[in-house]
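Novice: Sharing a structure below in C-alpha cells format, with a few things to ask.
The values are calculated or read from the model by the stated rules, or taken from the named source; none is laboratory data. Values in this document were obtained by computation on a predicted structure and should not be read as measured data. Note that each Cβ is placed from the backbone with ideal geometry, even for glycine, and that neighbours are counted across all protein chains shown. Ligands, DNA and RNA are excluded from the accessible area calculation, which covers all protein heavy atoms including side chains. Shrake-Rupley method; radii C 1.70, N 1.55, O 1.52, S 1.80 Å.
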Amino acid sequence: MKINLIYKQEKYRKIEKKFKIIRYTIIFVGIVAFITVAILFFLTFSQNAIYSELTSQKSVYLRNATQNQEKEKKVHLLDKKGALIKEGMQNELQFASYYQILDPFLQFESTSSSEVDSLAVDKDGEITFSKNFYSFSDLLANLSIFESQSFIDLFETAGIEDMSLNSQSSNQYSLTFSGQIKPAKELE
Amino acid sequence: MKPKISRFTLQLIKKNAFFLFGIFFFTAIFVVFIPFQLKGYLQIKQEIEKEEEEVEKLVSNQQKIDAFETFDIDRLYSVVEEAVPSTEDGLNVLASLEYFSNQALRNNFFITSYSNPFTKSSEGVLSISIEGTGSVKSLAGLMQSLQTAGNRFITLDNVEITGTEANAVFALNYYSKKIPEMKGAKELFVSEDNIEAVRQVQNSLEKNYIPDPSLELDSNNQTYQTNPDPFGS
C-alpha cells in the first residue's frame, strides 16, 4: 500500500475515521437486523403453531356442531318460544291471584249485608267493581274497609267513582270503586 | 483531468467493500424483508383472533347444548311445539276449547258460549271471547289452571263479571309463532329465564293433564273372541 504521508495523511485519517464509523454502524445495524428478523421469525413460527392448533380444535368442534345441528335447532326454538311464553306470562291478567288478594276485602261470596254486583279487571290492572249494601250501616262498615291502609296499599291509584241510593230495590245502597291495582307479583 | 476519487479513498473503499455492501444489504432487509415479515405476522395474528372467536363461539354452543340432556331437549321441544305451534291450527284451537270446557266443568264453572275463534286475531295471537256462569271462586279456580288448558299456552286478557252468580265474560289469547332457523355458524343464545318459562308450561301441562275417558282402556275388561278356525263355516 502506497500512502503519501506528507500531503494526504490528515485527509486519509479523516476518511478512514468516517469508514470506521460506517463499519461500526453496519455491525450495529446488522446485529439489530439479525435480532429483529430472529424475533419476527420466532413470533411468526409460534403464531403459526397456535393457528394450526386452533384450526384442528375448530375442526373437532365443527364436527360436533354438525352432529348437534338438530339439538341446536331445537334449543334455538326453545329459547325463542320461551321468550314468547315469558312475555305472555308477564303481561297476562293474574285473575286467580287477584281473587285471593281481594276476597278478604270484597267478600265475593254474597253475605247477608252485601254482595258484589260487578267486577271488571284487565291485564293492565285497571279494575272497577260495584258492591250493593242492604243498609246504610253496612255501607259505612264497608267504607271503613275500603279506606283502610291495607286496602289502599293494594292500588297504584284508587277512588270511589259512584255512590247511589235505590229505595225501590232491596239492595238499597250501591258503591262503585275504580282504580289501578298493583301487579299481582308485587302483592303476593 | 483530476480524478474525482483519490487513490487513497479508493483503497479505503476496497478495504471496506464488505461493509459498504452491508449498507445495501441491511437497507434491503429493513425496507423489504422486515416489513414483509411483519405483514405476514400481523396477518396470522388476525387470523388467530378470527379463529379464536369462532372456536369460542363453537365451544359456547357446545356448552349450551351439553347443559341439556338429550331427552330433556326432545321433551321440552315437544311441549313447546304443542303449546305454541309454528302455525295456528283451527281444529287444534277447537280441541283446546273443548278441553278448557271440561276443565271449567271440573271447577263448577259452565261455559255457555265462545266467540268465533277465526275472526279476531293479530299476528301470532288468536283472541277468543268466552262467556260462562258460576261463582267468582269457581272462575278463579279455573283461571289457576288456565295457562295450559288443552295443551296450549293460553293467557288471560280481561274479565268482566256481573251479578252474584258471576255471569262472566273473559278474553283468552292463543299463541303461535314460526321461528326462523339459525343460518350459518352463529352463536346460540339461550336465556335461563326463557327455558324456565318453557319448564313452567311443561310442569303446568303435567299437573293439569286430564286423560280423555274415551281413550282410557281398562285392561281388565278387555276380552278377545278367538276363533280357532277363521276360515271354517
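Novice: May I ask you to give the percent of accessible area on the protein assembly as shown that is carbon plus sulfur, with a probe radius of 1.4 Å?
Specialist: After summing per-atom areas, the C and S share lands at 55 percent.
Novice: On to the next question. Identify, among A:Phe133, A:Gln180, A:Ile160, the residue whose Cα sits farthest towards the positive end of the charge dipole of the range A:120-188, taking +1 on the Cβ of Lys and Arg and -1 on the Cβ of Asp and Glu, with the dipole about the Cα centre.
Specialist: The residue sitting farthest along the positive end of the dipole is A:Phe133.
Novice: Moving on to the next point. If the cut-off is a Cα-Cα distance under 20 Å, which lysines reach A:Lys123, setting aside same-chain residues fewer than 8 apart in sequence?
Specialist: A:Lys86, A:Lys182, A:Lys185, B:Lys120, B:Lys137
Novice: Name the residue farthest towards the positive end of the dipole of the protein assembly as shown from the options A:Leu62, A:Gly82, A:Val37, assuming +1 on Cβ of Lys and Arg, -1 on Cβ of Asp and Glu, about the Cα centre.
Specialist: A:Val37
Novice: To the nearest 20 Debye, how big is the dipole of the range B:1-84 about its Cα centre, given +1 on the beta carbon of each Lys and Arg and -1 on that of each Asp and Glu?
Specialist: Result for the range B:1-84 is approximately 2300 debye, rounded to the nearest 20.
Novice: Roughly how far apart, in whole Å, are the Cα centres of the range B:1-53 and the range B:127-197?
Specialist: Each part reduced to its Cα centre gives a spacing of 77 Å.
Novice: A further question follows. Give me the distance in nm between label points sitting 7 Å out from Cα along the Cα-to-Cβ direction at B:Glu160 and A:Ala120, one decimal.
Specialist: 0.5
Novice: What does the buried accessible surface come to for B and A, summed over both chains, with the probe at 1.4 Å? Round to 100 Å².
Specialist: The B and A chains share an interface burying roughly 7100 Å².
Novice: For chain A, what is the relative contact order in percent, using Cα pairs closer than 8 Å and at least 6 residues apart in sequence?
Specialist: Relative contact order comes out at 15 percent.
Novice: Once the dipole of the protein assembly as shown is set up with Lys and Arg at +1 and Asp and Glu at -1 on Cβ about the Cα centre, which of B:Ile195, B:Ala95, B:Ser176 lies farthest towards its positive end?
Specialist: B:Ile195
Novice: About the Cα centre, and with charges only on the beta carbon of Lys, Arg (+1) and Asp, Glu (-1), how big is the dipole of the range B:78-162? Nearest 20 debye, please.
Specialist: 340
Novice: I'd like to check one number: the per residue accessible area of the range B:1-160, probe 1.4 Å, reported in Å² as a whole number.
Specialist: Per residue, the range B:1-160 has an accessible area of 58 Å².
Novice: If you place +1 on the Cβ of every Lys and Arg and -1 on the Cβ of every Asp and Glu, how big does the dipole about the Cα centre of the protein assembly as shown come out, in debye to the nearest 20?
Specialist: In total the dipole reaches around 7260 debye.
Novice: Pop a pseudo-label 7 angstrom from the Cα along the beta-carbon direction at both B:Asn151 and B:Glu69 and give the gap in nm to one decimal.
Specialist: 2.2
Novice: Quick one: which bits of the range A:103-132 get at least 10 Å² less accessible when the partner protein chains are in, versus the chain alone, with a 1.4 Å probe?
Specialist: When all protein chains are present, A:Phe108, A:Glu109, A:Ser110, A:Glu115, A:Val116, A:Asp117, A:Ser118, A:Leu119, A:Ala120, A:Val121, A:Asp122, A:Lys123 each give up 10 Å² or more of accessible surface.
Novice: Turning to a different aspect of this structure: Return the Cα extents of the range A:61-119 along principal axes one, two and three, sorted largest first, each rounded to a whole Å.
Specialist: 75, 15, 12
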